[in-house]
Structure formats: C-alpha cells, structure tokens
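Asker: What follows is a structure written as structure tokens; I'll ask about it next.
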C-alpha cells in the first residue's frame, strides 16, 4: 500500500512545478482583468500609451512618414494607418506602406494587409484585402510593363484586379520596376493633420489579457495557460481527495 | 562538483520558458481573419456558381445610399457576387478604430446569412458568433432605412454591433439597386 503516498508525492511535485510556471501569467491575467473591469472609471479608454517602440510593434511608426512620389503626386501613410494623396485623405490601409506604383491613370498603394486602388485625382476606387482575395502579408509591389505585380511569401504574382485573380506567378527573370520611398515635401507634410493618439491603455490591456498582443501565438499561449490552470485545479482536487482518504 | 538536483533543473527550465514567452511582446499584432472570400462564397453558394459583378458609385448613388440607410462606402466601386436572385456582398466598416469585414447574402429582399470575415478591433469580436449573426437572418429593410426588427446588442461591443447593422442595411439597399 505504498502506491498512494507515491501518487500524492508525484501530484504534489507536478502541482508545484505547474504552479510556478503559471504564477506569473495568473498574476498578469488577474491584474489586467481587474483593470479592464474598471477601465472606464480608471480612464484607460481615454489615456494613450506613449511608447513609440510599442506603436512600431503594432505596425505604426509616427517618427517617419513613408511616402512615394508618383508623377507630380505623393502617396503617404500616417501613423494611424490612413493613406494620403498629397494632403487629401484617401482611406485606411492596414499594415505598413510597402510601396506604390502607377499604371496608366490608376495609382496603387500597397500596405502589408491591404491594396488601395486610387484615381489620379486621389479618389479611392477600391480597397482590396485578404477577405476579398488579396494574398497577405504583402512584402512589395512593382510593375512588369504595365501590369501590377505583388510580392507575398517571397513570390511575385501578377495582379488581375478586374477578376481579382492573383494566382498567376510572374515569369522568371523578368524585370520588376519598383519605386523607392522618398521624403514627403514639407509643404504637403504640414497640411496632413497629426494623427490623434490611438493606442489606448484599454486596448493594450485587452490585447495583453487575450494574448492578441503576440498574434496567434499569444492566443494559443493564453489557451495553454487556461489548460494549465485547469490541470492545477484537477491535481489540487486529486491531492485533497487522496489526503482525505488517507486520513480516514 | 556536485550535480544539480533534478528539481532545480526543472525549475530553471520553467523560468526559462516563462521568460522566453514574455520576450514575444515585441511581436506585431495581427488581424483576425476568420473566413476568406472563396470560403465565404463556397459556404453561401453551395449549389450554384456565382458571377462576380462590379457596382460603380457616383456622387448621386452615394448620396442616395446615405439618404436611405445613413451610410455609403467611400470607394468608387464595390464587388458583389450573384447567382439567380441571390446576391453576396463583402462590406467593410470601422467599428471603433479598425475595419470590420462582413459577408452578407441577400435573397428576396431579406438577409439570408451574415458572416464576419475579418475583425481587427480589440473589443467586440463576439459579433462573429452565430448567436449574434443569426439575428439578421430574414430581416428586411424598413421604409425608414432601418432593419425590420431590432438587433440585440452585446455588452462592450456596441460600436461593432452598430457597424454590423449599418452594413446589413447597406447590403439590403444595394441588393435592391442591382435587382431593380
């Protein structure tokens, strides 16, 4: 009958180890959960995080304004994710601005998760993203003759934006013209309103609490912590039960 | 030299894993994409092959949409898919800060199905669940531009719920335009 004390010892050892592993995250989840429960009273939805490195991690960088000159016009993207045609706001664009090209009368602005089709007078024709068939994340945009080519997963694809078909690969060895980013003229920059602060403490805490701050890995990690806490509860109950039976 | 006890090694291992995971905090945040265009179309057009069409907006049609449902897309053109009398629309609107993408099918002037294709906001993602989207099934556009029945909201997701309602109203209005 030495089996039961051995089982209790094993459970106790693993309960302690898993508890140690989970401790930091339990405290983090508890603190962020309590703060989120009172976010309005604490003003967390009205206070903004002023850490440029974190804004950069979210894909926004207000210290530089990426801009591309297409003919006489400039396309740029502000820190709050809006693309401007000179000083005229066009549309939101998800992800960093990777490049822009002009083919005929149409301008194309490529962000990591979105492609904007813009007229030569700065009107948005269409916004294309993964939900409408765009391969994402995009890493570059270029022109092969007059055809728009997009790079995603290190592969250049020809973009047929009438039929929304991105399945044709660019021929090997073909020249792809890309535009280099430039410095947005001060005269235009001054006319673009400085974006309001956008990363609130509430959003940061929500992303931290749900694990979304780390993308999919973070969500899976929070799931793992949940399983870990479940295991702790089960091992705790098992130890209590075995200890109670031993006492009788 | 005395070998390290096994439990000490395990504790150090656990600490290393913890630190390694916290080091990921500099990773960028990604949007939640639940359903792609092709998956959505396959889901809603199970027994027919839809054709893709484009609807162009003029200043007049945009003004008419705003007058009818209070909202119009900012782009000059919008794609939709049609098979027989059913139309499918992929619409995007901002809830609080980031765009929400919905796929909505309309048949006989009624919402047939709504799916959340992508959600990029930090809060309000509960609208993706069927308990919420099912409320739209069968609703029509009332003469005042609102839906024929009120939609139950979700605590903490008010702006996302409003965006979903706006998009449903616009899909019904757009369907009426292309069917007439």
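The values are calculated or read from the model by the stated rules, or taken from the named source; none is laboratory data. None of these values were measured; they are calculated from a predicted model. Quick reminder, even Gly has a Cβ in these numbers, built from the backbone with ideal geometry, and neighbours come from all protein chains shown.
Asker: Select from the range B:35-68 the residues that are over 24 Å from residue A:118 (Cβ atoms) and within 9 Å of another protein chain (Cβ to nearest Cβ) and write down the one among them that is modelled with the highest pLDDT.
Answerer: Looking at residues that are over 24 Å from residue A:118 (Cβ atoms) and within 9 Å of another protein chain (Cβ to nearest Cβ), I get B:40.
Asker: Let me ask something else about it. Could you pull out the residue among A:223, A:162 that is under 23 Å from residue B:156 (Cβ atoms) and surrounded by fewer than 16 Cβ atoms within 10 Å (Cβ to Cβ)?
Answerer: Details: A:162 fails: under 23 Å from residue B:156 (Cβ atoms).
Criteria check complete, one pass: A:223.
Asker: Still on this structure: For the range A:1-75, which helices (runs of 4 or more DSSP H) that fit wholly inside it have 2 or more residues that are modelled with pLDDT of 90 or more?
Answerer: On the way: elements: A:3-37, A:39-42, A:52-57.
It comes to A:3-37.
Asker: Okay, moving on. Residue B:109 is checked against (1) without any contact (Cβ under 8 Å) to a residue 12 or more places away in the chain; (2) at positive phi and fails just one. What number does that condition carry?
Answerer: Only one criterion in (1) without any contact (Cβ under 8 Å) to a residue 12 or more places away in the chain; (2) at positive phi is unmet by residue B:109, namely (1).
Asker: For the range A:83-125, give me each residue that is touching a helix residue (DSSP H, G or I) at 6+ places or on another chain (Cβ under 9 Å) and outside any strand (DSSP E or B). Let's see the steps before the verdict.
Answerer: Initial filter on the range A:83-125 (touching a helix residue (DSSP H, G or I) at 6+ places or on another chain (Cβ under 9 Å)): A:84, A:86-87, A:113-114.
Once the filter is applied, which keeps residues that are touching a helix residue (DSSP H, G or I) at 6+ places or on another chain (Cβ under 9 Å) and outside any strand (DSSP E or B), the range A:83-125 yields A:86, A:87, A:113.
Asker: Return the residues of the range B:69-112 that are assigned to a strand (DSSP E or B), out of contact with any helix residue (DSSP H, G or I) (no Cβ under 7 Å at 6 or more places or on another chain) and away from chain A (no Cβ under 14 Å); say none if nothing qualifies.
Answerer: If the condition is that a residue be assigned to a strand (DSSP E or B), out of contact with any helix residue (DSSP H, G or I) (no Cβ under 7 Å at 6 or more places or on another chain) and away from chain A (no Cβ under 14 Å), then B:82, B:83, B:86, B:107, B:110, B:112 are the ones that fit.
Asker: Of the residues A:95, A:122, which is within 22 Å of residue A:183 (Cα to Cα) and at pLDDT 90 or above?
Answerer: A:122
Asker: Of the conditions (1) loosely packed, with under 14 Cβ neighbours inside 10 Å; (2) more than 10 Å from chain B (Cβ to nearest Cβ); (3) under 30 Å from residue A:47 (Cα atoms), residue A:188 fails just one. Which one is it?
Answerer: Only one criterion in (1) loosely packed, with under 14 Cβ neighbours inside 10 Å; (2) more than 10 Å from chain B (Cβ to nearest Cβ); (3) under 30 Å from residue A:47 (Cα atoms) is unmet by residue A:188, namely (1).
Asker: Any chance you could count how many residues in the range A:110-141 are crowded, with 20+ Cβ neighbours inside 10 Å, more than 10 Å from chain B (Cβ to nearest Cβ) and within 13 Å of residue A:159 (Cα to Cα)?
Answerer: Number satisfying all stated conditions: 4.
Asker: Would you point out the residue of the range A:88-108, among those that are in contact with a strand residue (DSSP E or B) (Cβ under 9 Å, 6 or more places away or on another chain) and under 11 Å from residue A:74 (Cβ atoms), that is farthest from the other protein chains (Cβ to nearest Cβ)? Reasoning before the result, please.
Answerer: Of the range A:88-108, the ones in contact with a strand residue (DSSP E or B) (Cβ under 9 Å, 6 or more places away or on another chain) are A:89-103, A:105-108.
Now narrow it down to the ones that are under 11 Å from residue A:74 (Cβ atoms): A:100, A:107.
Details: A:100: 17, A:107: 13 Å.
Filtering the range A:88-108 for residues that are in contact with a strand residue (DSSP E or B) (Cβ under 9 Å, 6 or more places away or on another chain) and under 11 Å from residue A:74 (Cβ atoms), the one farthest from the other protein chains (Cβ to nearest Cβ) comes out as A:100.
Asker: Another question, then. For the range B:134-165, name all the residues that are in a helix (DSSP H, G or I) and out of contact with any helix residue (DSSP H, G or I) (no Cβ under 7 Å at 6 or more places or on another chain).
Answerer: B:134, B:135, B:158, B:159, B:162, B:163, B:165
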